[in-house]
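Visitor: Handing you this structure, nothing more for now.
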Amino acid sequence: MRYGDKVVLDGVDLEIRRDEIVAMLGPNGAGKSTTIEILEGFRRPTAGTVSVLGADPAHGDDGWRSQIGIVLQSSSDHGKWRPRQLLRHMSNYYRPYVDPWPVDDLLDVVGLTEQANQKLQSLSGGQRRRLDVALAVIGRPSLLFLDEPTTGFDPRARRDFHDLVHRLSDIDGVTIMLTTHDLAEAEALASRIVILAGGRIIADGSPLELTSSASRTAEISWISGGQRHLHAAEGSTQFVRDLLMHDDSVRDLQIRRATLEDAYLSLVEEFEAGRDVSTTHFEEVGS
C-alpha cells in the first residue's frame, strides 16, 4: 500500500484461519490500521490480492458485509437511544441475510440486561463498549474486528471485556482479529500474535512461542548471607536445584523469564536499528 511516494505496507503475507483469535501489534505508523481497513473493505490496496471470507473486500456486497462485525475505537450514536431499542433497530438490517441474535439474549451475554432501557448517555465507558460489541455481533458474524477495544479502561473493566470476548468466541466460534498497544491484552486474548513494523510482518506466532524466541536465559535472584544475589542462566531449573542443595540459607528466590514485552521490544528495536530481521514464523501457526 502506497500513499504517494510513501510505502505503508510492503509485501504483507498473512493467512488467518477460522476460529482463531489474532492480535496485530506494532509501533505507531507500522501499518496496522491500514491493514485492518483493507481487510474490512474501507480501503483498497495499491497492489496484491486480498480475500476475506472468500471475497475481495473492496467489492463485497451487503451479504458479505453482513458476515463481518466491526468495533471501532470510538462510537457516536445519539445519546438518547437505549440499548434494547438500538439493538432491535440494527437487527432489522441483517434479517435479509441471517437470523440475528435475539436482542434480550444478546443483552444477557454482554452483561447489559439491567441497562437495557437506560439512555446511552447514562452508560459508563465499559458498558458503552459492551454495547459496541453487541452491535458488532448481533448479525452473528463469522469474523469480528476489534480496533483498540479497551483504550481508557480501568483494570476491572478491561478484565470484564476480555471475559466477554472469550465468551463470544466460545459461543459462536467467531474468528477475531484485534489491534492493540496493550501487550498484556494481546497475551490474554490472542492465540496468535502478528507483529508489524515498517509495513512488514516481522514476527508471527503464539505468545509463548514469541516469548521463548526472545531469550532462553532467565534471571535468578535470591538472598543469602544478608545479600541479594543475581545470576543469569539458561538452565534455570538445574541451577536452582544446585543452589538449594548447597545453600540452605536461600530465601526470597525469584526467577524472571523473558516476557512478551521483552520479545516485542527486541524484535522492533532490531528492525528499527536496520538489522536484517527475517520474519520469526512458527510452523504450528503458519499458512
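The numbers here are math on the coordinates, done by the rules we state, and not lab data. Remember, it's a predicted structure, so these values are computed and weren't measured experimentally. In this analysis, Cβ positions are derived from the backbone assuming ideal geometry, glycine residues included, and neighbour counts consider all displayed protein chains.
Visitor: If you average the sequence gap of Cα pairs under 8 Å that are 6 or more apart and divide by the length of the stretch 83-216, what percent do you get for the contact order? Provide the component values of the computation, followed by the final result.
Guide: Working: 133 pairs, mean separation 24.8, N = 134.
Rounded, it is 18 percent for the stretch 83-216.
Visitor: Can you work out the FRET efficiency for the pair Ala47 and Glu20, with r the C-beta to C-beta distance and R0 = 22 Å, to the nearest 0.05? Before the final figure, lay out the partial values.
Guide: Numbers: r = 26 Å, r/R0 = 1.18.
According to the calculation, E is roughly 0.25.
Visitor: Quick check: from the Cα gyration tensor, does the stretch 10-110 come out rounded (a/c under 1.5), prolate or oblate?
Guide: Working: a/c = 2.12, a/b = 1.68, b/c = 1.26.
Prolate.
Visitor: Another question, if that's okay. Quick one: Kirkwood hydrodynamic radius for the chain, alpha-carbon pairs, angstrom, one decimal? Display every interim value, and only then the final one.
Guide: On the way: mean 1/r = 0.0468 Å⁻¹.
Kirkwood hydrodynamic radius for the chain: 21.4 Å.
Visitor: If contacts are Cα pairs under 8 angstrom and at least 6 residues apart, what is the relative contact order of the stretch 216-256 in percent? Could you put the intermediate results ahead of the total?
Guide: Numbers: 55 pairs, mean separation 20.9, N = 41.
For the stretch 216-256, the relative contact order is 51 percent.
Visitor: I would also like to ask the following. Using Cα positions and a limit of under 27 Å, work out the lysines in reach of Lys6, with same-chain residues fewer than 8 apart set aside.
Guide: Lys32
Visitor: For the stretch 216-256, take the alpha-carbon Rg, divide it by the Kirkwood Rh, and send me Rg/Rh.
Guide: Working: Rg = 9.6 Å, Rh = 10.2 Å.
Over the Cα atoms of the stretch 216-256, Rg/Rh equals 0.94.
Visitor: Listing Lys80, Lys32, Lys119 from the residue with the fewest other Cβ atoms within 10 Å to the one with the most, what is the order?
Guide: On the way: Lys80 9, Lys32 22, Lys119 14.
By the 10 Å Cβ count, ascending, the order reads Lys80, Lys119, Lys32.
Visitor: What are the principal axis extents of the Cα atoms in the stretch 83-153, in Å, biggest first?
Guide: Over the stretch 83-153, Cα extents along the principal axes are 35, 27, 17 Å.
Visitor: Identify, among Gln85, Pro57, Pro141, the residue whose Cα sits farthest towards the positive end of the charge dipole of the chain, taking +1 on the Cβ of Lys and Arg and -1 on the Cβ of Asp and Glu, with the dipole about the Cα centre.
Guide: With unit charges placed on the Cβ atoms, the residue in question is Gln85.
Visitor: If you don't mind, another one. Let's see if you can work this out: charge +1 on each Lys and Arg Cβ, -1 on each Asp and Glu Cβ, no other charges. What is the dipole magnitude of the stretch 216-256 about its Cα centre, in debye to the nearest 20? Spell out each step's value before the answer.
Guide: Working: 5 positive and 6 negative charges, 27 e Å.
Computed charge dipole of the stretch 216-256: roughly 120 debye.
Visitor: Right, next: Over the stretch 147-214, what is the mean sequence separation of C-alpha contacts under 8 Å (at least six apart), divided by residue count, expressed as relative contact order in percent?
Guide: Numbers: 49 pairs, mean separation 16.0, N = 68.
Relative contact order of the stretch 147-214: 24 percent.
Visitor: Let me ask something else. Please give the charge dipole size of the chain, origin at the Cα centre, charges +1 on K and R Cβ atoms and -1 on D and E Cβ atoms. Round to the nearest 20 debye. Please list the in-between numbers first.
Guide: Working: 31 positive and 44 negative charges, 215 e Å.
Taking the Cα centre of the chain as origin, the dipole is about 1040 debye.
Visitor: Run the dipole for the stretch 1-132 about the Cα centre, Lys and Arg Cβ at +1, Asp and Glu Cβ at -1, nothing else charged, and hand back the magnitude in debye, nearest 20.
Guide: Working: 17 positive and 18 negative charges, 119 e Å.
Computed charge dipole of the stretch 1-132: roughly 580 debye.
Visitor: What GluC sites (Glu not before Pro) does the stretch 134-224 have in DSSP loop regions with at most 16 other beta carbons within 10 Å?
Guide: Numbers: sites: Glu185, Glu187, Glu209, Glu219; in loops: none.
Qualifying residues, ordered by number: none.
Visitor: Cut-off under 20 Å on the C-alpha distance; same-chain residues fewer than 8 positions from Lys80 excluded. Which lysines are left, in chain and number order?
Guide: Within reach: Lys119.
Visitor: Next question. Could you please rank Tyr93, Tyr3, Tyr264, placing first whichever residue has the fewest other Cβ atoms within 10 Å of its Cβ?
Guide: By the 10 Å Cβ count, ascending, the order reads Tyr3, Tyr93, Tyr264.
Visitor: Quick one: in the stretch 64-123, what % of C-alpha pairs are over 16 Å apart?
Guide: Values: 921 of 1770 pairs.
Roughly 52 percent, rounded to a whole number.
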